[in-house]
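The values are calculated or read from the model by the stated rules, or taken from the named source; none is laboratory data. All figures in this text were calculated on a predicted structure; none of them were measured in a lab. A quick note on method: Cβ atoms are made from the backbone with ideal geometry, for glycine too, and the neighbour counts reach across all protein chains shown. For accessibility, only protein heavy atoms count, side chains too; no ligands or nucleic acids. Shrake-Rupley method; radii C 1.70, N 1.55, O 1.52, S 1.80 Å.
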Amino acid sequence: MAPSPVSQGVPSRSGAGWRVLLCVAFILAFAFAVLPLAGASAAGTVTQPISIAVNGGGAPATGTVQGCDVSPSTIVFNGSVQDFNALPNCRVTVRVPTDGADSRYRFGQTTELTVRTCGRGTCATADKGVYLELLTTYAVVANDQAYFDPGTTMTVRGSVGANTGGRVPICTVSPVPWSGTGSCMGWVDYGLPATLPLTAASHIGGVRWDANGTRTFVSTSGGGTETQDYFRQVAEKVSFRVSAPSGAGYSAPLLSYTSLDVAAYYSMTPGSHTVWLDDGTAWSVPSSLTGSGSDERWVAAAGTSGDAAVDGVIRPLYYNQIYDTFEFSVSDATSPSPPTVSYQQFVGTSTATASASGTQEWVNAGSRVTYEAVLAGSSTTERWATRSASFSSATATAFDPLYYDQYKVTFGYSTADSSVIAPGAVIGDYFQFGTLTGHELHSGGGGAVSPGSAWVDAGTGKVQYLTAYAPEYEVTTIENATANYISETSVASMQRWALTTSPDAFAVTAPGTISEIGYYQQFLLNFSYAPVGGASPVGPTVSFTQLGVPASANATVGGTQAWVDNGSTFSYPTLTFSSGSTERWADLLPPSATVNGTASSDPTYYHQYLDTLNYTVSGGGSPSPPLVAFDAFGAATAQYAATDGSSVAWIDAGTAVTYPSSITDGVTTWTTSTTSFVASSSTTFNPTYS
């Protein structure tokens, strides 16, 4: 069995001995902690070394030491170690000297420092620091401005006591409204910086107050004043533009401005950026961009300078411009007034006077350059005009439109037979702006010309009349010798009004009327013939009138076409050109008619031989002559033969020649067995009757 606490000699917690022990322990603890004199009487004094230096190198000062029977009672704040005698285990108080008017010393944020002595002997050195604080005035000045914006404040920040980070508010400057100055006073550590803000905001949007200089001050003596200039700055939206097409080869402009009373520069971009400028100061950008040359440039017409202001925008527009040359030429030796040229330069339309040698101007790239279409000094009868009056400025170009000297010309015509040219027929053309294309003359109703008049280039051969073809015509077929029209058909190009010379050109040297008087109305006739008994080597020669003079053409089996004057007469010959004394191609009644429309004629020409119709009587006697039957011009014909060769006849080639088989004198009959022949050549037929 284990012994009880009592049996072990340890007093019980509930016993009187335990309570006595607790009381003794409490008394001893109180004596050591609260009654140092009780210990001193046993241990005496201790040596307490103390060293206090002025942080940052400020001037030394003498403080006081109190409590614990300490000796000596003063200490110099110079960083030297000084020994003090004091009671052990006691609290010694070190106090800073009395504050001066503009300087003071502080242990951090307090005026005293407590040093606890050790129990005996020489204690550890108490190495401490003290701060010299200086009372400094901080003043601000509104530079180049009459006053600060109401409500503007600037807080001074620095180091005070143990707060050495430089962010402790020292004081706040609140300038008096409508005043250009302001100040505040505050304590700051010796040798450590105090800083005014770089920028002070204004209650006005886009405005700030910006500091010039270091903004940071280090105080080494009290009662001083530190002054900082502030400049009122405004935010400008800065960018630049280049007109389209912008081209290539230019550099961005450089903005010159004033910031904090010093010249500053900013390389501009097309995108908008904020740049702070001293309020009211001048700014500028170059009027032309780097890269501009003698043929192309980028130049601004406005917005290249101004004064900085609230809500300002700096956004110059640079125009890409081409150095073009305005020339002009004239089609002849005349000297008209030079043309006025309109062109785009910057935002508006400008004008210049062109010259033969060239007038040069800067033109917005991609814009139109427009010359006068008709020159000044032109009249209702003479003008100088061009159809190349508008150009596009893309690269440096010498524009040189050609102006044509032109006269107002009236057109007319007349015909030999007083006929009217079929409406719509092309009768000529004329030069306008150097070309015939699109400038046709057409016959109009009632003998008019369309157009009736036009502007025509001056010079030789500028109007020409042409043989005119009717859009519609009639075809008439003539049968043999008659002039009776038996059929009519609408065909193209069978009627015309012809000129002896086509084209017939006229010079234009003055305004007036140019009329063609040499027109002959003509119809296209078809001259053919129908040979019977074999074709003639050369067809019949048809006589007619063409362009007022006699003309002819040989008809062919297939037809020969010829233009014949209206109202004239055409006629076929009786014999063809190839006919001779014994062989011929003949038409007994060849056709002849007056032309008053298109026609075709196809007469029949018979191939014939000149044969002798002879006969012989055998044994004597005088019977009646035989009557010989044959064909002439396609018809049956008869003629008496003769014994002396005196009976001759033209007989259709290839046809039969028939003698009677007998002849008589009324008493006696003579007969022959040879009665039929064929006319195949010129010969003598001579049957014998016996």
Taking the range 542-600, which residues are among the aromatic types (Phe, Trp, Tyr) and over 23 Å from GLY654 (Cβ atoms)? PHE544, TRP563, PHE570
Exactly one condition in (1) assigned to a loop (DSSP other than H, G, I, E, B); (2) in contact (Cβ under 8 Å) with a residue 24 or more places away in the chain; (3) open to solvent by less than 60 Å² (accessible area, probe 1.4 Å) is not met by SER622; state its number. (3)
Being of a type in the set (Ser, Thr, Tyr) and surrounded by 21 or more Cβ atoms within 10 Å (Cβ to Cβ) is the filter here; which residues of the range 292-318 pass it? TYR318
Restricting to the range 319-340, give me the number of residues that are farther than 15 Å from LEU402 by Cβ and open to solvent by less than 30 Å² (accessible area, probe 1.4 Å). 6
State all residues of the range 642-676 that are under 30 Å from LEU589 (Cα atoms) and open to solvent by less than 50 Å² (accessible area, probe 1.4 Å); if no residue qualifies, say none. ALA642, GLY645, SER647, ALA649, ILE651, ASP652, ALA653, THR655, VAL657, TYR659
Please state which one of THR220, THR227 is surrounded by fewer than 18 Cβ atoms within 10 Å (Cβ to Cβ), in contact (Cβ under 8 Å) with a residue 12 or more places away in the chain and not in a strand (DSSP E or B). THR220
When you check ALA300 against the structure, is it touching a Leu at 6+ places or on another chain (Cβ under 7 Å) and within 25 Å of THR395 (Cα to Cα), yes or no? yes
Name the residue that is modelled with the lowest pLDDT, counting only residues in the range 341-382 that are farther than 21 Å from TYR404 by Cβ and of a type in the set (Phe, Trp, Tyr). PHE346
Please work out if GLN639 is over 27 Å from SER528 (Cα atoms) and either surrounded by fewer than 14 Cβ atoms within 10 Å (Cβ to Cβ) or not basic (Lys, Arg) (or both). yes
Options VAL141, VAL130, VAL188, VAL176: the member that is of a type in the set (A, V, I, L, M) and part of a loop (DSSP other than H, G, I, E, B): VAL176
Only residues that are among the charged types (D, E, K, R) and surrounded by fewer than 18 Cβ atoms within 10 Å (Cβ to Cβ): list them for the range 230-244, please. LYS237, ARG241
Within the range 495-532, restricting attention to residues that are part of a loop (DSSP other than H, G, I, E, B) and of a type outside the set (A, V, I, L, M), which residue is surrounded by the most Cβ atoms within 10 Å (Cβ to Cβ)? TYR529
In the range 378-395, anything open to solvent by less than 50 Å² (accessible area, probe 1.4 Å) and in a loop (DSSP other than H, G, I, E, B) is listed as SER378, THR386, ALA389, SER393
Flag for ARG215 being touching a Pro at 6+ places or on another chain (Cβ under 9 Å), open to solvent by 40 Å² or more (accessible area, probe 1.4 Å), more than 20 Å from SER103 (Cα to Cα) and at pLDDT 95 or above: no
